[in-house]
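The values are calculated or read from the model by the stated rules, or taken from the named source; none is laboratory data. Everything numeric in this text was worked out from a predicted model, so none of it was measured. Neighbour counts are summed over all protein chains in view; Cβ atoms, including those assigned to glycine, are modelled from backbone coordinates with ideal geometry. In case anyone asks, the SASA skips ligands and DNA or RNA and just uses the protein heavy atoms, side chains included. Shrake-Rupley method; radii C 1.70, N 1.55, O 1.52, S 1.80 Å.
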Amino acid sequence: MTFDFIVHALPHFQRPDIVYCFNEEGKSITDEVFDGFVHYKGRIISKQHILEAQPTLNSNINLVAVILGGWNFYLRNSNIPTGGLQMKIEQLNMIGYKTILVHFNEWLHMSPDEKKNYFNERMINGKIIK
């Protein structure tokens, strides 16, 4: 992935997420989609909001939010999300995002190349591979 955007898609959550946008062919269109949101202030950035702001986009766009879960986002000594993190995932899904959750312990031990490979393995042509 070469184009990403860090944003509060859900402004009522403290931490922003890394967001990618792909067209129906799997090509990254993140820059053109989010170009108009550089000075955005507190509005939920849903798929519907993006399509209303940019009516020339095809409705088959894929939005992916990468959530980096800190140590307070998981039940102790597990990879089980707390209620707050689970709610964030569900709310992002409700407004049109697919989500990738990254545990902070995994992230801290990855080199920049490993991080890039991690995302490339999880997303192929804008589709999430579990």
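A few notes on this one:
- Between the helical axis of 83-94 and the longest alpha-carbon principal axis of the chain there is an angle of about 20 degrees.
- With every protein chain in place, the chain: carbon and sulfur % of accessible area (1.4 Å): 54
- Amide H within-cut-off set for ILE67, under 5 Å, with H built and near neighbours excluded: ILE100, LEU101, VAL102
- In sequence order, region 14-27 has phi-based couplings of 5, 9, x, 10, 8, 10, 10, 9, 10, 7, 5, 8, x, 7 Hz under the Karplus curve 6.51 cos²θ - 1.76 cosθ + 1.60, θ = phi - 60°, and Gly or Pro positions carry x.
- DSSP loop GluC sites (Glu not before Pro) with at most 14 other Cβ within 10 Å: longest gap in the chain: 26-130
- Helices in the chain, meaning DSSP H runs of at least 4 residues, each add -39500 (n - 2.57). Divided by all residues, the mean residue ellipticity at 222 nm is -8000 deg cm²/dmol.
- Prolate/oblate/rounded label for region 67-110 (Cα gyration tensor, a/c 1.5): oblate
- Residues in the chain average 60 Å² of solvent-accessible surface per residue, probe 1.4 Å, ligands and nucleic acids excluded.
- The chain: relative contact order in percent, alpha carbon pairs under 8 Å with at least 6 residues between: 27
- For the chain, a crude dipole built from +1 on the beta carbon of Lys and Arg and -1 on the beta carbon of Asp and Glu, taken about the Cα centre, is about 420 debye to the nearest 20.
- Distance in nm between pseudo-label sites at ARG122 and ASN105 (7 Å out along the Cβ direction from Cα): 1.7
- Compared with the alpha-carbon gap, the fully stretched path from ARG43 to THR82 is longer by 11.6 nm at 0.36 nm per residue.
- When the residues MET123, MET87, MET110 are ordered by accessible surface, computed with a 1.4 Å probe over the protein chains alone, the sequence from largest down reads MET87, MET110, MET123.
- By the compact-protein rule of thumb, 2.2 N^0.38 Å, the alpha-carbon radius of gyration of region 55-130 corresponds to a ratio of 1.23.
- Computed with a 1.4 Å probe over protein heavy atoms only, the accessible area of PHE22 comes to about 10 Å².
- Pairs of lysines in the chain (C-alpha under 13 Å apart; 8 or more residues apart or interchain): 5
- Cα-based Rg and Dmax for the chain, where Dmax is the largest Cα-Cα distance (Å): 14.6, 47
- Förster-model FRET efficiency, 22 Å R0, ASN93 and LEU51, C-beta, rounded to 0.05: 0.85
- Qualifying trypsin sites (Lys or Arg not before Pro) in region 23-84, where qualification requires a DSSP coil assignment and no more than 12 other C-beta atoms within 10 Å, comprise LYS27, LYS41, ARG43, ARG76.
- Helix 112-122 axis, angle to the chain major axis (alpha carbon atoms, nearest 10°): 70
- Among the protein heavy atoms, those of LEU68 account for about 80 Å² of accessible surface (1.4 Å probe, every chain in place).
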